[in-house]
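J.: Input: one structure, supplied below.
The values are calculated or read from the model by the stated rules, or taken from the named source; none is laboratory data. Since the structure is predicted, the reported quantities are computational estimates derived from the model, not experimental observations. When we count neighbours, we look across all protein chains shown, and the Cβ atoms used for this are built from the backbone with ideal geometry, even at glycine.
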Amino acid sequence: MSVRIINGKVYKNGAFSEEELVLKEGKIVSAQDGDAEEVYDAKGNYVVPGFIDVHTHGGAGVDVNAADQQGFEKIGHFFATQGTTSWLSSILTDTKEQTLKTIKEAVKHQEAQKNGHENCADLLGIHLEGPFLSPEYKGAMPEHLLISPDLDLLKEYQEAAGGNIRYITVSPEVKGVPESIKGMIDLGMKVAIGHSGADYETAWKCINEGAVSATHTFNAMKLLHQHFPAIMGAVLESDIYCEAICDGRHLHPGTVRFLLKMKGLDKVIAITDSIMAAGLPDGESMLGVNPVIVKDGDAKLKYGDSRAGSTLTTGCALKNLIKFTGRPLEEILPLLTCNPAKMLDVYDRIGSLDTGKDADVVILDKEYSVVDTFVKGRKIEL
């Protein structure tokens, strides 16, 4: 299957230009590479790389922790309609049995995608949010399931996942975490630090051991004090990536601008941290084992006052970032495209519209709303 996209403003190398884009057999090919079977008229709209969400717990009424293969497909289809073409399923801390069950269902979905179930965003792999987290900064994590690092358990999870656990969040202050990071990396996982009240020195120890990112920066995290910079100081000073939930609730617009000024546009990753309530009206929902109440789009634990993820989509995050910062589209796009791809070491195949990469493309109108999405060259049907 091949598609020629015409009359679009194509985003390459940080700028827009009026050129054609050809998608052939799931890849982006040279515009001079012969005729295409179909022509897609972009009608003057923006043609940009597909969005990548490395931290999400679900959407469209499906919670990742309880999803079966069909549930993963439903989540993936909803995400694709919002501009997400690749995602990691974030498994909230749960029992060993449920975690293994969720991992196996995710793997089934990945296999199904290879065999014709293609009307959805590509599931890149799994993100484990826990269980090696601090009870003090647990947020929506079930405290009784939080444990110290166990590399044998992680190895069992990774074997069940077929090597597809790509990302894990840990708290630096939990006993044994700094010493376990290299072992996690050896298992094929990128390590993020978060849900943490770690001191500055302990956080830096984890960064020096190979941690590459901070989970939902500023949220569930001890903040900076001039005498005790804590984990926040280490995160801002270092060159690691910073996840950011840009829904206007988790971070004030001024905090978003501050983070971008401190870290630079190349070190911030826009995430949704969405839950099953994303795309649904207000009401009762779930996040892992936790009942959640959503009111005015704001998700909070039913029993307690902690926020429980968000109802954000990547398309809305893009609009919010442009609104919060006053920056043009071309400066904001890396936060949803090349930055997460580089963090996960998959920039060789996704994250830009370079020839030879996966044909993951989003069409945005002049108000930056998602018009259409292509995943591996196939237009997503509603």
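J.: Please list, ordered by first then second residue, the pairs with beta carbon atoms under 7 Å, 6 or more apart or interchain, first in region 139-156 and within 13 Å of residue 288 (Cβ to Cβ) and loosely packed, with under 15 Cβ neighbours inside 10 Å, second of a type outside the set (Val, Ile, Thr) and at pLDDT 95 or above.
T.: 143/135
J.: Go over the candidates 136, 105, 97, 73 one by one and state the one that is at pLDDT 95 or above, surrounded by fewer than 23 Cβ atoms within 10 Å (Cβ to Cβ) and touching a Phe, Trp or Tyr at 6+ places or on another chain (Cβ under 7 Å). So that I can check it myself, show each step before the final result.
T.: Working: 136 fails: touching a Phe, Trp or Tyr at 6+ places or on another chain (Cβ under 7 Å); 97 fails: touching a Phe, Trp or Tyr at 6+ places or on another chain (Cβ under 7 Å); 73 fails: touching a Phe, Trp or Tyr at 6+ places or on another chain (Cβ under 7 Å).
On inspection, the qualifying residue turns out to be 105.
J.: Those residues that are among the hydrophobic types (A, V, I, L, M, F, W, C) and buried (at least 21 other Cβ atoms within 10 Å of the Cβ), I need them from region 170-197; list them, please. If you could, list the steps in order and put the result at the bottom.
T.: Here is the first cut: in region 170-197, the ones among the hydrophobic types (A, V, I, L, M, F, W, C) are 170, 174, 177, 181, 184-185, 187, 189, 191-193.
Those that are among the hydrophobic types (A, V, I, L, M, F, W, C) and buried (at least 21 other Cβ atoms within 10 Å of the Cβ): 170, 174, 177, 181, 184, 189, 191, 192, 193.
J.: Ok, one more. Just the residues that are of a type outside the set (S, T, N, Q), in a helix (DSSP H, G or I) and farther than 16 Å from residue 286 by Cβ, please, taken from region 73-104.
T.: To start, the set of residues in region 73-104 that are of a type outside the set (S, T, N, Q) comprises 73-80, 83, 87-88, 91-92, 94, 96-97, 100-101, 103-104.
In the following step, the residues that additionally are in a helix (DSSP H, G or I) were identified as 73-80, 96-97, 100-101, 103-104.
Residues satisfying the conditions are 73, 76, 77, 78, 79, 80, 96, 97, 100, 103, 104.
J.: Would you say residue 182 is without any contact (Cβ under 8 Å) to a residue 40 or more places away in the chain and in contact with a Leu (Cβ under 7 Å, 6 or more places away or on another chain)?
T.: It is false that residue 182 is without any contact (Cβ under 8 Å) to a residue 40 or more places away in the chain and in contact with a Leu (Cβ under 7 Å, 6 or more places away or on another chain).
J.: Among the residues that make up region 322-329, is at least one of them of a type in the set (S, T, N, Q), in contact (Cβ under 8 Å) with a residue 24 or more places away in the chain, within 20 Å of residue 215 (Cβ to Cβ) and assigned to a helix (DSSP H, G or I)? Lay out the reasoning, then the answer.
T.: Filtering region 322-329 down to residues of a type in the set (S, T, N, Q) leaves 325.
Keeping just the survivors that are in contact (Cβ under 8 Å) with a residue 24 or more places away in the chain gives 325.
From what's left, within 20 Å of residue 215 (Cβ to Cβ): none.
No, that holds for no residue.
To keep it simple, each residue is scored yes or no on (1) at positive phi; (2) hydrophobic (A, V, I, L, M, F, W, C); (3) at pLDDT 95 or above.
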residue: 2; (1), (2), (3): no, no, no
residue: 22; (1), (2), (3): no, yes, yes
residue: 30; (1), (2), (3): no, no, no
residue: 44; (1), (2), (3): yes, no, yes
residue: 67; (1), (2), (3): no, yes, yes
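J.: All but one of (1) without any contact (Cβ under 8 Å) to a residue 40 or more places away in the chain; (2) assigned to a loop (DSSP other than H, G, I, E, B); (3) among the hydrophobic types (A, V, I, L, M, F, W, C) hold for residue 382, so report the exception by its number.
T.: Result: residue 382 fails condition (1) only.
J.: For region 332-379, enumerate the residues that are β-branched (Val, Ile, Thr) and not in a loop (DSSP other than H, G, I, E, B). Show your work before the answer.
T.: Within region 332-379, the first condition is being β-branched (Val, Ile, Thr), and the residues that meet it are 332, 337, 346, 350, 355, 361-363, 370-371, 373, 375.
Hits for region 332-379 are 332, 361, 362, 363, 370, 371, 373, 375.
J.: Could you grab me the full set of residues in region 1-49 that are farther than 22 Å from residue 368 by Cα, among the charged types (D, E, K, R) and in a loop (DSSP other than H, G, I, E, B)?
T.: 25, 33, 35, 37, listed by residue number.
J.: Quick check on residue 48: is it of a type outside the set (D, E, K, R) and within 20 Å of residue 314 (Cβ to Cβ)?
T.: On the way: of a type outside the set (D, E, K, R): yes; within 20 Å of residue 314 (Cβ to Cβ): yes.
So residue 48 passes the test.
J.: Still on this structure: Give the residues of region 256-265 that are touching a Phe, Trp or Tyr at 6+ places or on another chain (Cβ under 9 Å) and either of a type in the set (S, T, N, Q) or surrounded by fewer than 20 Cβ atoms within 10 Å (Cβ to Cβ) (or both), sorted by residue number.
T.: If the condition is that a residue be touching a Phe, Trp or Tyr at 6+ places or on another chain (Cβ under 9 Å) and either of a type in the set (S, T, N, Q) or surrounded by fewer than 20 Cβ atoms within 10 Å (Cβ to Cβ) (or both), then 257 is the only one that fits.
J.: Return the residues of region 265-295 that are farther than 25 Å from residue 235 by Cβ and part of a strand (DSSP E or B); say none if nothing qualifies.
T.: Answer for region 265-295, where residues must be farther than 25 Å from residue 235 by Cβ and part of a strand (DSSP E or B): 283, 284, 285, 286, 290, 291, 292, 293, 294, 295.
J.: Sticking with this structure for a sec: Within region 198-218, how many residues are surrounded by fewer than 19 Cβ atoms within 10 Å (Cβ to Cβ) and not in a helix (DSSP H, G or I)?
T.: Going through region 198-218 one residue at a time, the tally reaches 2.
J.: May I ask you to verify whether residue 304 is modelled with pLDDT under 95 and surrounded by fewer than 22 Cβ atoms within 10 Å (Cβ to Cβ)? It would help to see each step written out before you state the result.
T.: Numbers: modelled with pLDDT under 95: yes; surrounded by fewer than 22 Cβ atoms within 10 Å (Cβ to Cβ): yes.
In short, yes.
Okay, residues lined up against (1) closer than 22 Å to residue 245 by Cα; (2) touching a Lys or Arg at 6+ places or on another chain (Cβ under 9 Å):
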| position | (1), (2) |
| --- | --- |
| 317 | yes, no |
| 323 | yes, no |
| 326 | yes, yes |
| 340 | yes, no |
| 353 | no, yes |
| 356 | no, yes |
| 366 | no, no |
| 373 | no, yes |
| 376 | no, yes |
